[in-house]
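Just below is one structure, and these are the notes that go with it.
The values are calculated or read from the model by the stated rules, or taken from the named source; none is laboratory data. Predicted model, so just to flag it, every value in this text is computed and none were measured. Every residue, glycine among them, receives a Cβ derived from its backbone with ideal geometry; neighbour counts consider all protein chains shown.
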Amino acid sequence: MYRFSLMLLFLFAVATLSQAGNGVETGTVIGTIVHAETKKPVANISLSAVLHNCGYRKAIVTDAQGNFIMKHVPEGEHILLIDKRGYKLYRKEGVQVKHGTPLKLYIELQPDEPAGLHSNMVPITLHSI
């Protein structure tokens, strides 16, 4: 049983390594994320690239200046998702990643309105009598 388990582990490792070098070209996505109104960088943003036709998903986090680098992204059309509390969900479809040409993005995140408030509403404070 022990030998069988080792053999399975070895075969899994070989299969994984062969997939890593399967000839799929990859590219790089670099960019900066800023607050749409203040234009100040937004730090610690969770950023994902999703390629649905092969099940690929890669997630990273921006640095203190709102910058990010996403390396080894398979060539093709991706969906870019950005989710940060206090901001509206950002979703961009049709992001084209190409080998040899880094894709540079500048993304402005829209602040999220507090729950229950709309732009034409004025917040009020209620006091007990």
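Number of residues in the range 84-111 that are touching a residue at least 40 places away in the same chain (Cβ under 8 Å), touching a Leu at 6+ places or on another chain (Cβ under 9 Å) and either of a type in the set (S, T, N, Q) or under 18 Å from Q65 (Cβ atoms) (or both): the value is 4.
Residue by residue, here is whether (1) modelled with pLDDT of 90 or more; (2) not hydroxyl-bearing (S, T, Y) holds:
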position: E77; (1), (2): no, yes
position: H99; (1), (2): yes, yes
position: G116; (1), (2): no, yes
position: S119; (1), (2): no, no
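Filtering the range 42-71 to residues that are farther than 15 Å from Y90 by Cβ, in a strand (DSSP E or B) and at pLDDT 80 or above leaves R57, K58, N67, I69, K71.
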